Each structure stands twice: as structure tokens, then as C-alpha cells.
1. How about the range 268-279: which of its residues are open to solvent by less than 40 Å² (accessible area, probe 1.4 Å) and either more than 12 Å from Gly224 (Cα to Cα) or assigned to a loop (DSSP other than H, G, I, E, B) (or both)?
2. Of all the residues that make up the range 143-161, how many are under 14 Å from the mean Cα position of the chain (by Cα) and of a type in the set (A, V, I, L, M)?
3. What pairs can you find where one residue is in the range 14-42 and among the hydroxyl-bearing types (Ser, Thr, Tyr), the other is part of a strand (DSSP E or B) and at pLDDT 95 or above, and their Cβ atoms are less than 8 Å apart, with a gap of 6+ or different chains?
4. Go through (1) at pLDDT below 95; (2) outside any loop (DSSP other than H, G, I, E, B) for Ser284 and report which single condition fails.
5. Quick one: Leu131 ticks every box in (1) surrounded by fewer than 19 Cβ atoms within 10 Å (Cβ to Cβ); (2) part of a helix (DSSP H, G or I) bar one, so which box is it?
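The values are calculated or read from the model by the stated rules, or taken from the named source; none is laboratory data. Since the model is a prediction, treat every value here as computed from it, not as a measurement. As a convention, Cβ positions derive from the backbone with ideal geometry for all residues, glycine included, and neighbour counts pool all protein chains shown. Quick note on the areas: whole protein, heavy atoms, side chains included, nothing else; ligands and nucleic acids left out. Shrake-Rupley method; radii C 1.70, N 1.55, O 1.52, S 1.80 Å.
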Amino acid sequence: MRLLQPRRSIVGMSAILLPFAEASRNGFEVDWPGFVAHLARTADAGLVPAVNMDTGYVQLLDDDTRLAVLRRTREVLSGKPFVAGACVIDEPGSPFDIDAYLRQIEMIAAQGGRPVIFPSYGLTQLGDDELLDAYAELGRRGGEFYTFELGTMFVPCGRIYSLDVYRQFMAIPQCLGVKHSSLCREFEWQRLRLRDAVRPDFLVLSGNDLAIDMVMYGSDYLLGLSTMAPDLFARRDAYWAAGDAAFYELNDALQYLGAFTFRAPTPAYKHSAAMFLRLRGWISNSATHPLSPTRPDSDLAVLREIARRLDIPTRD
């Protein structure tokens, strides 16, 4: 257990859902107006947009689409900060491909973003020493970055690192923080204690959509859940910084949304997000990437009830 950290300013990063048109000749077509509008509203709320993340289907996109996302992000944000997933697709047993990672990092940096290093089989299958050498080399050649540890419930090549490896991440000057997505409070508390002792400026970016109150204990966040309500997450964070007890009721209602939408199969939360954003009138439909799992239509009634609890008006 860890003591609460009251009245702290929270760094909130929000993974941006990539919305899709209802149908197209090639199976999917990005809803660019919907993406651009949601990107702008997230930044206007005060959260740092995170594009080409899992919430943006990065593992299912080709480089042309990833680059199109980055270019539009740069245009919309006009110099405001953003982060983006540096994702390399490989197979079990593949060797670590540093050049492929550097190409992704360079693509992000060229558009003004900061990379979040996604796992790959080649990267996460490395031994601890080789893994740390790989990250150190990425920092030397690619500049500042965030890295990403996540459980296999999100992607099969995921890996949660040991605390000793985590400590060594903090020794890499270009590594600014780690997005932690184990969905385990104790693992995250361990990392917070280590961070406080070793490198207080290092960001523990919670990816625990089932425990969004981790910010009370000192975590910052990079969440997929916040894409459904960036305005309310920003309000919640402001309540915490001000010591306003309204934080707790709003957090509870947002957690209800997280518990429902991040149930198994976890990757289907992206369809839940599209359904919720459509209910809010923020995107035109709830289409998803054709290779991503979906939720049943019966979820709509529950999402409406959650929206009502959050005092969010919904459309028919």
C-alpha cells in the first residue's frame, strides 16, 4: 500500500481513438474529420494527445496511415505537445530490429512528436541486459522517449519487466517515463516507490483503466479510457489538484465506464469507445477496424446509463 499524494498536478495523456467510416471498398476508411475534431477537443481539454497507440489501432495500420495520422496531428496541434506509438510488427522468434524502431521514431520526431516505444517479439524476447542495451541505443540514436510495459491481455508480445530492469530504465537519460499496463495496483505501487527513491522526475504513466484512481498515489497516466471523456478526465484532475472532494464522485463514475468497457476481451474496448463517442455525438458512427473485436449492440443501453450518471447528453 502507498499513502495518498493530495493536491498534486496530474500529467494526463490520452490515447486518441482512430474512428472509421461505416463501410468502404477496401474494408476500412478512416473518418478523418472525426479524428481531427477529437484530437483538437482532447488538447483543448488540457490532456496530451497520444496518437498511433493501441486505441488508435497502431498494430493494424500500415506506415502510410500512421504517417497520415502524424501529419494531421501536427497540423491540428500547431506546436502543442503530443506522443505517438513507435510500433514494429514482427512474429514470435523474430530478431530485434533496431533499424525498424529507429525508422518509426524518426517518423514521429519529424512531425514534432515524442515516441512511446511499443513492445515487439524481437524486443521483449531479449534477455534483461540485451534489452537495456537496446533501449540505451534507441535513446542515443533516437533521442528522448517513453517506453511501454504491458500485459499479454493487451497484446501477445507484451511483457511486464522486473523491478531491477525498471530501475535501469531510469538510468537511461533519454527515457522520460514508462507507461505501465499490468492492471495490477501492487506492481504500480512498487514502481512509484522506486521512482520516488531513484528519479523523482520520471513519469510512471498508469495504463490501468480498471484503477484510474492510481493518480491519487502519485501516478500520472496514459489511458485509452480517457478518449471517451477527455473533458471529464481533465475536470477530475483539476479537482484533485485543488483538493476538491468532487474528485471522488466523478472518478467513481468514470471508473464505472472503465470497468464496463475494459472487460474481456480487453481489445474490444475500442469498439466500446466508438459506441460511446457516437452516443456523445462526437463521431458519426461506431465502426471499428475490421480486424478488431467488437461488442454486442446490447452494450448501448448500459453506455447510455453511464452517460446519464456522468451528466452527458446523448443522441438517439
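1. Start the filter on the range 268-279 by keeping residues that are open to solvent by less than 40 Å² (accessible area, probe 1.4 Å), which leaves 268-277, 279.
Listed by number, the residues that qualify are Met275, Phe276, Leu277, Leu279.
2. Within the range 143-161, the first condition is being under 14 Å from the mean Cα position of the chain (by Cα), and the residues that meet it are 146-151, 154-155.
From what's left, of a type in the set (A, V, I, L, M): 150, 155.
Going through the range 143-161 one residue at a time, the tally reaches 2.
3. Correct list of pairs: Ser14/Val48; Ser14/Pro49; Ser14/Ala50; Ser14/Leu222; Ser14/Leu223; Thr42/Ser14; Thr42/Pro49.
4. So Ser284 meets the others, but not (2).
5. Among (1) surrounded by fewer than 19 Cβ atoms within 10 Å (Cβ to Cβ); (2) part of a helix (DSSP H, G or I), the lone unmet condition for Leu131 is (1).
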